[in-house]
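The values are calculated or read from the model by the stated rules, or taken from the named source; none is laboratory data. Note that the structure is predicted; figures quoted are calculated from it, not measured. Cβ: placed from backbone, ideal geometry, glycine included. Neighbour counts: every protein chain shown.
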Amino acid sequence: MIYWIRFSLCQYTTDTTYKDINSNKTKCFARAIKRFEHKELFIKLDDDALVDIDYVIGLIKKYQGYHKPVYISDHERTKPRNFPDSLNGVMYGNGKFYMFNRKLAQCLKTDIKYRGSPNEDSVFGSMVSNGCGEDNVKYVQEDDRCIWHKECISKNKNIDLSFIKNR
């Protein structure tokens with residue numbers, strides 16, 4: 001059975017700013033993962049993205065019970081000139097979709113320090129790199145044919161996913 005969990009555990013206050021939102025999201029990840037300790041796989045999906053459910057089920061079947069930390073996303077490396085500290089040169093996933101297992105969640109380093117206001121994707125990548133160690137993680141490149149972000153064009157349909165209102 002697949003559970004879709006919204007991160008309603010995150011209580012952002014009115015004094016949360018753009019500069020500290022990533023720190024808050026990092027803390028939210030850590031809290032949410034700890035609360036669901038009986039879950040083996042986690043998925044983070046943007047609200048303007050769609051994923052083929054058969055693709056997700058295939059990933060679950062393939063990586064359930066995997067022997068080392070698994071991080072599935074559209075990976076790239078941060079550019080050193082953009083991040084002079086713990087985010088420098090880390091492998092991170094494009095945030096439209098990532099999936100990771102409990103082994104990765106257990107080795108995340110959630111108390112990383114950084115300067116500036118990078119996006120949460122590079123912060124999460126730094127949590128992985130600094131906590132688990134890149135050599136210990138199985139990085140799996142996502143299949144972009146099964147994930148649509150911002151726009152879905154299929155079978156003569158063109159949907160602007162960023163225009164669909166949340167309830």
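Data table
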item: Residue that is farthest from K96 (Cα to Cα) [pool: residues in region 61-75 that are in contact with a strand residue (DSSP E or B) (Cβ under 6 Å, 6 or more places away or on another chain) and not in a loop (DSSP other than H, G, I, E, B)]; result: Y63
item: Cβ-Cβ under 8 Å pairs, at least 6 apart or on other chains, region 54-72 side under 16 Å from N136 (Cβ atoms), far side small (G, A, S); result: Y71/G93; I72/G93
item: Members of region 76-97 found to be outside any loop (DSSP other than H, G, I, E, B) and either out of contact with any Leu (no Cβ under 6 Å at 6 or more places or on another chain) or surrounded by fewer than 20 Cβ atoms within 10 Å (Cβ to Cβ) (or both), listed by number; result: E76, R77, M91, Y92, G93
item: Residues that are assigned to a helix (DSSP H, G or I), surrounded by fewer than 16 Cβ atoms within 10 Å (Cβ to Cβ) and at pLDDT below 80, drawn from region 31-60; result: R31, K34, R35
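Here is a yes/no grid of residues against (1) at pLDDT 80 or above; (2) among the aromatic types (F, W, Y); (3) touching a strand residue (DSSP E or B) at 6+ places or on another chain (Cβ under 9 Å); (4) part of a loop (DSSP other than H, G, I, E, B):
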residue	(1), (2), (3), (4)
M99	yes, no, yes, no
K103	yes, no, yes, no
G116	no, no, no, yes
N158	no, no, yes, no
